[in-house]
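The values are calculated or read from the model by the stated rules, or taken from the named source; none is laboratory data. Please read all numbers here as calculations on a predicted model, not as lab measurements. Virtual Cβ from ideal backbone geometry, glycine too; neighbours counted across all protein chains shown. With ligands, DNA and RNA removed, areas are computed over all heavy atoms of the protein, side chains included. Shrake-Rupley method; radii C 1.70, N 1.55, O 1.52, S 1.80 Å.
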Amino acid sequence: MGKEKSQKGYVYYIFIFLALELTFVAFLVPKETIISTRDSEQIMVSRYLGEVTEKHMQDKANDIYRSLFVETGMLHATYDYFGSYSDDGVFDDRGLGWWVEQRIDVVWLTLHLVTYRASQMLIWLPYLLPFFVMAIVDGTLQREIRKWQFSFSSPMAHKGAYMTMVGAFAFTLLAPLTPFAIPPIIPPILFGVVSVGAWVYLANMQKRI
């Protein structure tokens, strides 16, 4: 029961941080910062993964963005609704009409950045997923071997691996929204951390749960 409450608590705090990050980006981050972040990240991807891969990522991100937000009408609806609202004379006299338009731009630019980062994860997935599957399988086999040999399973290693995977989950949720350029080496490192964490977690799982 205590373990379940602890797990729910971690998820609760992760989503609180996610909500705070969304609020920070939507209301405080300048539009120029998001554009600069996007351009810097594209340059890094071209440098380390090649221009062909970067072009493929851009095309994939544009397809995802278009299917989720443009073709569904969500993007145009927000500009139509908030644009007509900010056209009010009193509202514009206070300088809020320009501010609202800038905030809408930031939100949609950020979402496009999220789709670009998601496409980068998809690029790495076919190469890294087999390692994760092997870590799961080998960790499970190691646990069975330890059960039959009556070997020691470390509760501290088990707990540490669990916390590592929680941290990786939090990073996966929070990183796509960060207004800072993320190096393309981060996804494989993240996969590696999760794979090792999963192996240690399963191999050191207690014999009785």
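Structural remarks
- With Cα atoms, 0 to 90° folded angle of helix 155-174 axis to the chain main axis: 20
- Number of Lys-Lys pairs in the chain with C-alpha atoms under 16 Å apart and a separation of 8 or more places or on different chains: 5.
- With all protein chains in place and ligands, DNA and RNA left out, the 1.4 Å accessible area ranks Met165, Met74 as Met74, Met165, largest first.
- Among Pro126, Pro176, Pro184, residue whose mean-square fluctuation peaks in a GNM of the chain (springs only between Cα atoms under 10 Å): Pro126
- Applying both filters, DSSP loop and at most 16 other Cβ atoms within 10 Å, to the chymotrypsin sites (Phe, Trp or Tyr not before Pro) of the stretch 6-75 eliminates every site.
- Cα-based helix-to-principal-axis angle, 51-65 vs the chain, degrees rounded to 10: 70
- Against the criterion of solvent-accessible heavy-atom surface with a 1.4 angstrom probe, Asp105, Asp59 sort, most first, into Asp59, Asp105.
- The heavy atoms of Glu101 offer some 100 square angstrom of accessible surface to a 1.4 angstrom probe.
- Accessible area per residue, Å², the chain with all protein chains present, probe 1.4 Å: 62
- Expressed as a whole percent, the accessible surface of the stretch 90-192 that belongs to carbon and sulfur atoms is 77, based on a 1.4 Å probe.
- Degrees separating the helix 74-86 axis from the principal Cα axis of the chain, which is the longest one: 40
- Estimated 222 nm signal from helices in the chain, with DSSP H stretches of n ≥ 4 weighted -39500 (n - 2.57), rounded to 500: -28500 deg cm²/dmol
- The share of C-alpha pairs in the chain whose separation exceeds 22 Å stands at 63 percent.
- The stretch 33-81 - Kirkwood radius from inverse mean 1/r over Cα pairs (Å): 12.2
- Rg/Rh for the stretch 115-209, where both radii come from Cα atoms and Rh is the Kirkwood radius: 1.07
- With DNA, RNA and ligands ignored, accessible area of Trp124 (1.4 Å probe; Å², nearest 10): 50
- Probe 1.4 Å - accessible area at Thr78, Å² to nearest ten: 40
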